[in-house]
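Read the structure below first, then the notes.
Derivation of every value follows stated rules applied to the coordinates shown; laboratory data play no part. Note that the structure is predicted; figures quoted are calculated from it, not measured. For neighbour counting, all protein chains shown are included, and Cβ atoms are generated from backbone atoms with ideal geometry for every residue, glycine included.
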Amino acid sequence: MPTDRVAVEALAEELDGLRPIDHHCHGVVSADLDRMAFEDLTNEGFESPPPGTSHLDSPVGLAIRRWCAPLLDLEPFVEPEVYVERRVALGADEVNRRLLSAARLSGLIVETGYRASDIVGPSAMAQLAGAPTFEVVRLETVAEEVGATDPSASGYADAFREHLHVRAASAVGLKTILAYRGGFDIDPSPPDDGAVAEAAGRWFRAPEPRRLADPVLLRFGIWAGADLARDRGLPLQIHAGWGDPDITLHLTNPSLLTDLAKSFAGLGVDVVFLHCYPYHREAAYLATVLPNVYFDVGEAITYLGTRSRGLLAEAIELAPFTKQLYSSDAFGVAELYVLGATHFRRGLARILGGWVDAGDCSLDEARRIAHLIGVGNASRLYPLERRDR
Ligand SMILES: [Zn+2]
């Protein structure tokens, strides 16, 4: 072992035992997946790859073959075809159980508002992962559920508040996907009742199914969510940065929500910017200067593969160690939960161990920082003790 990497190696061994809280993820698909279905779930786009190419010919595909193949009794870097065949031979339930337990998580905070009928819910995820799960409720899904009940335009605001109250009864957090519904370049103030009723009327005259994209109703939902979040001590998760092609990337820069974040600080509501890439430095800045702002680099940490180390290094370079969290944002395939946690442990060991080896940090401090980002900050931010499933 080269002498200048002593702490890196020591920390890598120790952090292998770190069981992070995955503070934002979804459920897995319970059905067996053929090659195309599997590939499609390892890419944020909606389309299959061009003929003659594969979504797995990517950093995340390489990482799946490196880190997940051995968990299915295969050699690292086995051909994708062999990998998918082995998946089918083992069966989805066995694959999900092996991979999710191999992620070695101490808790999963599961967002239930996206394609809920295609994936398993929080209780099944707890069984598969061998760890407690908690729920985060998506505000826009709540709005669309209300929209489907045909309330009057003037009754929409109250109907939304009542339904949110019920849907979030056991939730540990709320989430908005404003990023997917036009982006962050919005008026940050709460709309008045008249404007909400007028916008609701317009929305209800639109053909079904009613997808919420009206900026007034989106703002209303976020502010109504903030009221509930304040009353119940819940943080508000905000999708920022990259995602599927419904996003216009440059409109998802968290910097655009600076005024909104400041207003929520006044209310005492914490916000967590999720994913953030490639705007994780803007998120880190906001987390540094605003007391109520937190962030993660979830999902990107999975998809960047070996370069996730560089992403983590940038995420940790400025913000207080108390303001960053770990998430995978995994959805659909269990590989993504393992990869998120694996890259997180390995990346932190390299970065913090490097600090120790350079004389900038002690081993004890490095351990403490890793624990804060992996476990401690999520435990402090979310009311987990009240809502264990
Ligand atoms: Zn998500």
Potential lengthening between GLU79 and ASP4 on full extension [0.36 nm per residue; Cα-Cα distance subtracted]: 23.4 nm
- prompt: Mind checking the angle between helix 80-90 and the chain's longest principal axis? C-alpha axes, 0 to 90 degrees, to the nearest 10.
  reply: 80 degrees
- prompt: Taking neighbour counts of Cβ atoms within 10 Å as a proxy for exposure, in what order, fewest first, do LEU274, LEU251 appear?
  reply: LEU251, LEU274
field: Spin-label model distance (nm) - VAL166 vs ALA358, 7 Å beyond Cα toward Cβ
entry: 5.5 nm
field: Global form of the range 293-389, assessed from the alpha-carbon gyration tensor, a/c cut-off 1.5
entry: oblate
statement: Taking Cα atoms, the helix 258-267 axis meets the longest principal axis of the chain at an angle in degrees (rounded to 10) of 80 degrees
task: Find which of LEU71, PRO207, HIS23 sits farthest along the positive direction of the dipole of the chain, computed with +1 on the beta-carbon of Lys and Arg, -1 on that of Asp and Glu, about the Cα centre.
output: HIS23
message: Explain nothing, just the number: relative contact order of the chain, from Cα pairs under 8 Å at least 6 residues apart, as a whole percent.
response: 23 percent
message: Ignoring solvent entirely, what values of log10 I(q)/I(0) come out of the Debye formula for the chain at 0.11, 0.12 Å⁻¹ when each Cα is a single scatterer?
response: -0.78, -0.93
- prompt: Stretched out fully, how many nm does the piece from LEU249 to ARG202 gain, at 0.36 nm a residue minus the Cα gap?
  reply: 14.2 nm
task: Pop the C-beta distance of SER189 and ARG115 into the FRET formula with R0 = 30 Å and round what comes out to the nearest 0.05.
output: 0.40
message: Helix-only mean residue ellipticity at 222 nm, the chain, DSSP H runs n ≥ 4 weighted -39,500 (n - 2.57), per residue, nearest 500. What is it?
response: -13000 deg cm²/dmol
- prompt: Taking the Cα centre of the chain as the origin, how large is its charge dipole in debye, to the nearest 20, when only Lys and Arg (+1) and Asp and Glu (-1) carry charge on their Cβ atoms?
  reply: 700 debye
